[in-house]
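Chemist: Sending over a structure as C-alpha cells; questions will come in a sec.
Just so it is clear, none of the values below were taken in a lab; they were calculated from the coordinates. Predicted, not measured: the structure shown is a model, and the values here were computed from it. Cβ atoms come from the backbone with ideal geometry, glycine included; neighbour counts cover every protein chain shown.
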C-alpha cells in the first residue's frame, strides 16, 4: 500500500492590497468643487444618517399650521408617514439644497442655437424640401463638424441613410441636397477640405482681376501656395509682384473656419469654470490669504442615528439596529473623507502659492518658476499621486484672473537654467512676434537669439516650443 509522504514547502509571494479608504479618498480628491458639491448632495439624499449642523441643533425645527414649531425632528416627521424603515423610501436632508450659499464666479458658454439647427432652419427657409429631402439633409448637416467641413463622403452618407431611414436615396438627390447646403451662408460651409472651402468663398466674390487671380492660385497651384512658393506661382501665371500681392490680400480675407461665425450652442451640460480656491494678495503686507471658493457644509451624523452599540438589543429590533449602524458608519466615513479632502486641498494650494508667490503677486506668467509634482509633494509630505489628484481639474481665482492649477507645473528645459518653460515660451513668442516678416528667423537663429538673452537650450527644444506656440517654420512665416 502506497503511503503519501508529507512535504513542507515554502513559497514567496508578493501581494499588493489597496486600502478601500485610500481609494475613496483618491476619488473625492479628484473631484472639482462643483462635482464634490453634487456628491455631498447625493450622499445627503441617499443616507438619512447624514445631516448638516445648524448651530447647536443639527435638526432645526419645522413650524406647524398654528405657527408653533413641532417638537419632533424633521426625520421623525418624515418617518411618521411610513409603517417602518423598510417601507420608507430613501430620503435625505433637503435643507442643503434649499439654503442659499455663496457662489463662486462662474463662466458659461453662450446658450445659442446649435450649428445643426441653424443650418437646417436656413435650408428649409430657402428650399422646398420633401420628407425624403429633409431626411437626406439631416444626415448631411449632421456630418458637418464645428469648423464647417463635411466629415464623411456622400457615398457613406447615402449608405447611412439606407440603413437608418428605410429608403435608398438616389445619388442625384443626395448631390442636389449637398449642393443646396453648400449654397447656404456663410460661404464655405459643407466644404470637403480647406482648398474647397476657399474656392467656395471665392466663387461668391465679384469676379474682379484680384479675385480671379486668387481663384487661379487656389484652384491650379494650391500645393505651391501651401508651401508659399510665390515666385513659382508668379512664373506659372505670368503675373507681376503687384498682381500677386493683390491676390494674396484677397485670400487673407477668407475664413478657413466658416462655421465659427455661426452659433455652436451647447452639447450636453454647460461648460462651467468654477474656481476651487481664492487667493488674495495684500500689497501693503506682502501676505497671501488662501480660502475655498465656496464654503462646504458642516456635515454631522443625525442624532437619531448616533446611538451606542449594545449587545442587549432585543432580537426583534436587530434588523433595525443593523440598518442604523450601517447608515451611521457610512455617514461617519463620508464625513471623514470630506474632512481629509478639505485638509489635503488646503495644504496643496498653500504650498503652490508659497512656491509661486512671485506669479501671484505680479500676475505675469513669466514669473512662474520651475515646479513639478515632486516639489509640492516634498513641501507637503504627501505622495506624488495624492498631489496629482488634488490638482487635477482644479482652478484658482487669483487677483489677475482664473488659472488651472496644472498651469503652475513646468520643468526646467535643462539643468543649466533656472527659467521655467513658460518664461522661455514668452521670450520665444516675443522674438517671433517682432521678427522681420520678410526674413523670418530659422530655428538655429532662434536658438542663438534665446542664448543671447540668457536661455541656452537645444535647437530641437526651440523647434518644439515654436510649434507649441503655433508658429510654422521660417519659410511658411515669410510674408511675400
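Chemist: With a 10 Å Cβ neighbour count serving as the proxy for reagent exposure, in which order, fewest first, do 285, 164, 380 appear?
Modeler: 285, 164, 380
Chemist: Please work out whether segment 272-408 counts as rounded, prolate or oblate from its C-alpha gyration tensor, where a ≥ b ≥ c are the square roots of the eigenvalues and a/c under 1.5 means rounded, while otherwise a/b larger than b/c means prolate and anything else oblate? Provide the component values of the computation, followed by the final result.
Modeler: Numbers: a/c = 3.62, a/b = 2.78, b/c = 1.30.
Prolate is the answer for segment 272-408, as a/c is 1.5 or above and a/b outweighs b/c.
Chemist: Residue 53 to residue 385: extension gain in nm, 0.36 nm per residue of separation minus the Cα-Cα distance?
Modeler: Length gained between residue 53 and residue 385: 116.2 nm.
Chemist: Rounded to the nearest 0.05, what FRET efficiency do residue 336 and residue 46 give with R0 = 25 Å and r taken as the Cβ-Cβ distance? Could you check?
Modeler: Plugging the Cβ-Cβ distance into 1/(1 + (r/R0)^6) gives 0.90.
Chemist: Here is a further query. Using a Förster distance of 41 angstrom, determine the FRET efficiency expected from the C-beta separation of residue 319 and residue 406, and round it to 0.05.
Modeler: E between residue 319 and residue 406, to the nearest 0.05, is 0.25.
Chemist: Taking square-rooted eigenvalues a ≥ b ≥ c of the alpha carbon gyration tensor, is segment 360-425 rounded, prolate or oblate, where a/c under 1.5 means rounded and, failing that, a/b exceeding b/c means prolate?
Modeler: On the way: a/c = 2.10, a/b = 1.09, b/c = 1.93.
Oblate, since a/c reaches 1.5 and b/c is not below a/b.
Chemist: Tell me whether segment 120-171 comes out rounded, prolate or oblate; compute the Cα gyration tensor, take square roots of the eigenvalues as a ≥ b ≥ c, and use a/c under 1.5 as the rounded threshold.
Modeler: Oblate, since a/c reaches 1.5 and b/c is not below a/b.
Chemist: Pulled fully out, how much extra length does the chain show between residue 473 and residue 249, if you take 0.36 nm times their separation in residues and subtract their Cα-Cα distance?
Modeler: Result: 78.5 nm gained on full extension.
Chemist: Next up: Within 10 Å of each residue's Cβ, count the other Cβ atoms and sort 359, 36 from fewest upward. List each step's numbers first, then the result.
Modeler: Details: 359 23, 36 20.
In increasing order of surrounding Cβ atoms, one gets 36, 359.
Chemist: Taking the Cβ of each residue in 40, 348 as the centre, tally the other Cβ atoms inside 10 Å and list the residues starting with the fewest.
Modeler: Fewest to most other Cβ atoms nearby, the residues stand as 40, 348.
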